[in-house]
Amino acid sequence: MIQSKSKTKKYFLKLFFLALIIVLIRGIIFSWGSWVSSPLVSIDYNTHAFIIKESYKRLEKDSAFRKDVFPLLGAILLFEGITENLTGSGPDAILNSVSSDHYYNPKTKEGDAPKQTSFFFSQLKDSIENKWTQVLPGKSAAYLAHYIADMSVPFHILGLSTQGQDTENFINSITDAKGRVLLNEKIQGNNAPFLGNNWSKELQKWGEAHKEHSKYVNWFDPWYYDDWSSALSTHIDWERTVNHVSSASPNEYSPVYISLLKKKNPNGSQEIIKGMTKERAHFTRNN
Ligand SMILES: [Zn+2]
């Protein structure tokens, strides 16, 4: 009896991801954001919350889903979203994570998003199975969903890690003798305005942010600093152009997940989630 109950729990935990991935694979998201509102216009920019709601709707339709055990939608949404001044309980709030958690560059294999999804998956599973009250399952589900979703944003699969260097060392490590920062295609992506783009201005801006929040700002995403204010950068501008459209009801699970399951990974579901996160980053990079 106990064993079959725990099997059921494991099954519907998987379903949560599947539902989430279906939403992503269907390509309904044109842009991203976690802002609850803009300082200028009251619009819901919280695409992460939109994805959670869409995934939850699909999950509820599955016969294996148990509402009495899985965190309620409201409990998950409590841990998503930030305000204009970057506060809140979602992972985008400045003290709730470090920038590398939101990135994975499949060309260089740098970035911690796969590690984070695997961590929050296992925390979600444990917190439900062992009825932990100190670790909120809603938070684990929200953070897990957030980091997987980030992998569908073209600007979250580019850039490079600071490797823990201080501001000056990192700046020097990617600046050439002529003072130029010529990032290669692996770092800047293949849609840079022109080849040989000099990113030194962006790197200087990154340096100011790094000096202020050295622990948090441990990743250089050139597209985040390409305007006088990060709020107007190419990265944020893309995320702001939100188009929240529900897809038609999907009737199948993510092919990426299915193929990883078939590989029978000896390290179990945590490795599958890690693999799925990487696969999603590859998919975004190649499309
Ligand atoms: Zn993020």
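Just so it is clear, none of the values below were taken in a lab; they were calculated from the coordinates. In this text the structure is predicted, and so the values were computed from the model without any measurement. Ideal geometry is used to build each Cβ from the backbone, glycine not excepted, and the neighbour counts take in all protein chains shown.
Is the C-alpha gyration tensor of the stretch 79-145 telling us rounded, prolate or oblate? Criteria: a/c under 1.5 is rounded; beyond that, a/b larger than b/c is prolate, otherwise oblate.
Taking the square roots of the gyration eigenvalues as a ≥ b ≥ c, the stretch 79-145 is oblate.
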Practice item. Can you tell me how much longer the chain between LEU86 and LYS57 gets when fully stretched, taken as 0.36 nm per residue apart minus their C-alpha distance, in nm with one decimal? Key: 7.6 nm
Study note, to complete from the structure: For GLU110, the residues 5 or more places away or on another chain with a placed amide H closer than 5 Å to its own amide H are ASN105
**Study point:** Estimated dipole of the stretch 81-137 in Debye, rounded to 20 [Cβ of Lys and Arg +1, of Asp and Glu -1, Cα centre]
**Key:** 200
Practice item. Could you pull out every residue, at least 5 positions away or on a different chain, whose amide H is within less than 5 Å of the one on ILE82? Hs are placed 1.01 Å off N in the peptide plane, and Pro or chain starts have none. Key: TRP35, VAL36
Revision key, fill the gap. The size of the Cβ-based charge dipole (Lys, Arg +1; Asp, Glu -1) of the stretch 56-201 about the Cα centre, to the nearest 20 debye, is 360
Check your understanding: Where the Cα atoms of the stretch 44-128 are projected onto their three principal axes, how long is each span, largest first, in whole Å?
Key -> 40, 31, 23
Practice item. Of the listed pairs LYS67/LYS139; LYS53/LYS139; LYS178/LYS215, which have alpha-carbon separations greater than 18 Å here? Key: LYS178/LYS215
Review point. Using the Kirkwood formula over every pair of different C-alpha atoms, what hydrodynamic radius in Å results for the stretch 84-213?
Key: 16.6
Check your understanding: Near ASN198, within a Cβ-to-Cβ distance under 10 Å, what is the net charge of the other residues, with Lys and Arg +1 and Asp and Glu -1?
Key -> +1
Study note, to complete from the structure: Burial-style ranking of 99-110, 180-191, average other-beta-carbon count within 10 Å with highest first, yields 99-110, 180-191
Practice item. Would you kindly give the portion of the calculated P(r) for the stretch 160-236 that falls above 19 Å, as a percent of all Cα pairs? Key: 31
Review point. Roughly how many debye, to the nearest 20, is the charge dipole of the stretch 160-236 about its Cα centre, given +1 on each Lys and Arg Cβ, -1 on each Asp and Glu Cβ, and no other charges?
Key: 100
